[in-house]
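The values are calculated or read from the model by the stated rules, or taken from the named source; none is laboratory data. As the structure is a prediction and not an experimental result, all values here were calculated from the model. Ideal geometry is used to build each Cβ from the backbone, glycine not excepted, and the neighbour counts take in all protein chains shown. The area values use the complete protein model at the heavy-atom level, side chains included, leaving out ligands, DNA and RNA. Shrake-Rupley method; radii C 1.70, N 1.55, O 1.52, S 1.80 Å.
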Amino acid sequence: MNLDFSNDEKEFRKSIRQWMKENVPDDIRRCTARGAMPDKNMQQRWERLLGSQGWLTSTWPEQFGGPGWSATQRYIFDQERASAGAPPTSPFGVAMVGPVLYTFGSEAQKERWLPGIQRGETLWCQGYSEPNAGSDLASLKTRATRNGDHYLVNGQKIWTTQAHWADMMFCLVRTDSTVKQQQGISFLLIDMKTPGLEVRPIYSIDGHHHLNEVYFTDVKVPVENLVGQEGMGWTIAKFLLTHERTTIAGVADIHYEINRLKSAIDALPTETDKQLAVRRLAGLEVDLMALEYTNFRTVAATDEGKPFGPESSGLKIKGTELQQRVSQAMVEIGGLMSLPWDNEEPIGEQIFNQASRRYNFLRACTIYGGSNEIQKNVLAKMLLGL
Amino acid sequence: MDFKLPENTTMIADTARRYLKDNYSFDSYIAQLNESNHLEANRWQAMNDLGWFGLPFAESVGGYGGSLLDVCAIVQELGAALCLDPFVDLIVSPGKLLEFANTPTSLALLDRIISGEARVACGLYDRHAGYHVLNPSLRLNGERLSGQKHVVSDGGVADAVLVSAMSGDELAIVALPFDACDVERYRLLDGSRAASLTLDDVLITDEMVLCRGDAAKQAVSAWFDYLCALDCARMYGACREVYQATLEYARTRKQFGTTIGSFQVIQHYLVDAFIDLQQLESMLLMVSVKGESANVCERGRATAAAKAYYANRAVGITQQGIQIHGGVGVTEELNIGHYFRLVTHASLSHGDREHHMSRFIQAGEKQNEVV
Ligand SMILES: Cc1cc2nc3c(=O)[nH]c(=O)nc-3n(C[C@H](O)[C@H](O)[C@H](O)COP(=O)(O)OP(=O)(O)OC[C@H]3O[C@@H](n4cnc5c(N)ncnc54)[C@H](O)[C@@H]3O)c2cc1C
């Protein structure tokens, strides 16, 4: 066993750190340091910057334009990205529809869509969930009816993150209601500017607009925007669930949050308050270390070309729980300083000023991307042999 | 022991519940959330008519002699209704401080609160002192008052404030007009309104100092315990609603062709919430009585335990309520997330969990000394 990074990896870290130092824009760094989420402009500027280095799609195979990094290098990159105060990239293009396209897409589709994702130019959103198809995604009802050289899409999606920013949506639709639920689903790419498509905002309990409802009334989608064959939608969706698990735990960003919290301890009123906070933080750091070493095992296995083992199963569950606990600790440690909601001048330490909004939003992280209950159902089936 | 509520308390609770059901809804709450003035004239008058303004105070000082238990009954219903009417911030909180201060000037001001004329807030917190209310950072040097007050809950409308200050190493309570300070107003986590006050060598007169020294300490400490109990009542009311709404949701929300309440893990979550709610109720009954005990040590130990417990389990119930609701649980449109914010807020006003754990340990040590 060797639990240290190699010299090459250390050199790699150094060069990335230097680049981050010189290139993460100040306004973005300040936004993350405040605990706020980047707006569209910041998000896109950052992704284009990474795109110009060829680093935005660092998880992609070289043949499709990835930089050819090992999983360890990708992990290091993510750590350096987070600790430099840069936001995570939006998952929809890079981590979701991109891999779907280079795995299932036609040559024409690859040519048409991959470059825009690579350069951070096309923004995507994910149209899976519906009002009555959340955890039970296979029961989705949005219908696509073939009509000559196009489909007509009718129905409704909900909880569509960043639909109001996106140029394109990848969407699960029902193309056949005569077969078993899972077999009648197809994967369509839909231009957000198509007539008949309407985006309505949903405000979440952090007071912000991230989520949307998307309504489709006779939305015309060209047949060439079907990925794979009709009826392959479910297979594609399942492929995504098992794709790229090496940064799913969010370790790098949790580190960043814990460090932010550490830097604010001095603002607490008394020595006792400080000591209690330090102790609580230590508890979180110990838990983070357990998560991180589990994550390292997944990374190392990936570099050896081995499939994900059972050690990777808990990464999403433990990662999201820990994100929530850290955000809760931030609010509670801030105490009075966390109570103001819309004041212009923060009361005392600035990080506590946004802490309660973040805490509110992160209640969602055990719900989206497959709730933790559903994750456990899946794992029980996969692992326990009961 | 007897856990039966006095008949009068039950009546007060029923009246409060009925009044709020008829006069306050989630829509009223949302409308109020978007206002910076939280004093809605009709409802304010209605509360006055119900006798709530005098209820918290002894008959000897012009009140109607209600107990902490009675006031908790009202505050519980306000919490259940998500009601933002500043009953606690403008009546109970300043009124109790004035009653505990018990000087001719303070009682004269209390009179004007009971009659509904005065708009007085309490400014006992600042970020430098945090929850340590007996050691505020505001300084009274001779006739000059300097420093800051934060999170002064005032419904957005107070024109006077009771502040605590250190005069040398003596605590003092001073009443002064809002005008004397630089004021920044904002919304808090639970949707209520508050202000930060900056005092820059504000000149004060002798009559404005309500009390000093031990008398001030005792008043602030009794006030703190009283308000801790009210926090618990408010959280209990909110948790009761979250539990009911979540149970109802589990009965009706369908996924995989069946109600989510048919999944065993959801049933276990709900049983845990049910059990927690029972224990929260026990703690509320305990603190509603002991929170105004004449035995200061017992009183402090009771409020510390209750607040520490609530900060853990009441918050837990609302978090789980969101989880069981899925996506809709994190939206502004549904009340569940608003209850979560209310409970989080109440768990952090008047001391967070760690603060109360420390108080609990100290109270235990003192109790041993007495024995
Ligand atoms: C912030 C946020 C962003 C999102 N972004 C997107 C997006 O961009 N695109 C998109 O398509 N979707 C998105 N979603 C939707 C998300 O995937 C769904 O919310 C999620 O799948 C849960 O579905 P639901 O909300 O309908 O809850 P439900 O499925 O109704 O679940 C309610 C509760 O029941 C539990 N439950 C359900 N079934 C079972 C079972 N069999 N056993 C045990 N427990 C069960 C759940 O765990 C949950 O606690 C987002 C959601 C949120 C909150």
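Brief remarks follow.
- Stokes-Einstein, applied to the Kirkwood radius of the range A:249-382 over Cα pairs at a viscosity of 0.692 mPa s and 37 °C, places its translational diffusion at 202 µm² s⁻¹.
- For the range A:123-230, the share of accessible area belonging to carbon and sulfur comes to 47 percent (1.4 Å probe, ligands and nucleic acids excluded).
- A Cβ-based charge dipole, computed about the Cα centre of chain A with Lys and Arg at +1 and Asp and Glu at -1, lands at about 500 debye.
- Positive-end extreme of charge dipole, the range A:5-88 - chosen from A:Gln53, A:Gly35, A:Pro87 (charges on Cβ): A:Gly35
- Taking one quarter of the surface of the convex hull spanned by the alpha-carbon atoms of the protein assembly as shown gives a direction-averaged projected area of 36.4 nm².
- Both the radius of gyration and Dmax for chain A are 21.7, 74 Å, in that order, over alpha-carbon atoms.
- Of every Cα-Cα pair in chain B, the percent that sits beyond 38 Å: 17
- Per-residue ellipticity at 222 nm computed for chain A from its helices equals -14000 deg cm²/dmol, with DSSP H segments shorter than 4 residues left out and the rest contributing -39,500 (n - 2.57).
- Measuring max minus min along each principal axis, the C-alpha atoms of the range B:120-212 give extents of 37, 25, 20 Å (largest first).
- Model label sites at B:Gln244 and B:Asp272, defined 7 Å from Cα along the beta-carbon direction, differ in position by 2.4 nm.
- Within the listed set A:Asp287, A:Asp342, A:Asp191, the residue fluctuating most in the Gaussian network model of chain A (springs between alpha-carbon atoms under 10 angstrom) is A:Asp342.
- Shape of the range A:123-230, Cα gyration tensor, a/c cut at 1.5: oblate
- Pairs of Cα atoms nearer than 8 Å and 6+ residues apart set the relative contact order; for chain B it is 15 percent.
- Peptide B:184-191 - average C-beta neighbours from other chains (10 Å radius): 5
- Shielded residues, the range A:189-226 - accessible-area loss of 30 Å² or more between chain alone and all protein chains, probe 1.4 Å: A:Tyr203, A:Ile205
- Tilt relative to chain B, helix B:213-252 - C-alpha long axis, 0 to 90 degrees, to 10: 20
- To put it simply, the accessible area of chain B at a 1.4 Å probe is 49 percent carbon and sulfur.
- Stretching the chain fully between B:Leu33 and B:Asn135 yields a gain of 33.4 nm (0.36 nm per residue, less the alpha carbon separation).
- Over chain B, DSSP H runs of length four or greater, each weighted -39,500 (n - 2.57), average out per residue to a 222 nm ellipticity of -18000 deg cm²/dmol.
- Using a probe of 1.4 angstrom and keeping all protein chains present, the accessible surface of the protein assembly as shown works out to 43 square angstrom per residue.
- B:Ala294/A:Phe5 FRET efficiency (R0 60 Å; Cβ-Cβ; nearest 0.05): 0.40
- Difference of contour (0.36 nm per residue) and Cα-Cα distance, A:Asn132 to A:Glu62: 21.2 nm
- Cleavage-rule hits (chymotrypsin sites (Phe, Trp or Tyr not before Pro)) in the range B:1-98: DSSP loop, at most 14 neighbouring Cβ within 10 angstrom: B:Phe3
- Nearest-20 debye value, the protein assembly as shown charge dipole, Cβ charges on Lys, Arg, Asp, Glu: 2200
- Residue ranges A:21-34, A:265-278 sort as A:265-278, A:21-34 when ordered by packing (mean number of other C-beta atoms within 10 Å per residue, highest first).
- The A-B contact accounts for roughly 3700 square angstrom of buried accessible surface, both chains included, probe 1.4 angstrom.
- Förster radius 35 Å - calculated FRET efficiency between A:Asp39 and A:Ser263 (Cβ-Cβ, nearest 0.05): 0.90
- Assigned charges on the beta-carbon of Lys, Arg, Asp, Glu; the range B:215-370 dipole about Cα centre (debye): 40
- Candidates per GluC sites (Glu not before Pro) in the range B:253-353, loop by DSSP, up to 16 other Cβ within 10 Å: B:Glu333
- Spin-label model distance (nm) - A:Glu271 vs B:Tyr64, 7 Å beyond Cα toward Cβ: 5.0
- The 3J(HN,Hα) values that the Karplus relation (6.51, -1.76, 1.60; θ = phi - 60°) gives for the range B:326-340 are, in residue order, x, x, 5, x, 9, 9, 5, 6, 9, 6, 3, x, 5, 5, 4 Hz. Gly and Pro appear as x.
- At least 10 Å² accessible surface lost relative to isolated chain, residues of the range B:100-144 (1.4 Å probe): B:Tyr125, B:Arg127, B:His128, B:Gly130, B:Tyr131, B:His132
- Since only B:Thr258, B:Val88, B:Val209 are under comparison, the one whose Cα sits farthest along the positive direction of the charge dipole of chain B, derived from C-beta charges on Lys, Arg, Asp and Glu, is B:Thr258.
- Take each peptide in A:82-89, A:159-166, count the other Cβ atoms within 10 Å of every residue, and average; sorted highest first, the result is A:159-166, A:82-89.
- Other protein chain C-beta atoms within 10 Å of residue C-beta, averaged over B:345-356: 4.
- Cα-based helix-to-principal-axis angle, A:71-83 vs chain A, degrees rounded to 10: 60
- Three-way shape call for the range A:1-160 based on the alpha-carbon gyration tensor, with the a/c threshold at 1.5: prolate
- Taken over the range B:301-371, the percentage of Cα pairs per 5 Å bin, counting from 0 up to the bin with the maximum distance, is 3, 18, 21, 16, 13, 10, 7, 5, 3, 2, 1.
- Average other protein chain Cβ within 10 Å of Cβ, residues B:328-341: 5
- The Cα trace of the range A:7-92 gives Rg and Dmax of 12.8, 39 Å, the first to one decimal, the second as a whole number.
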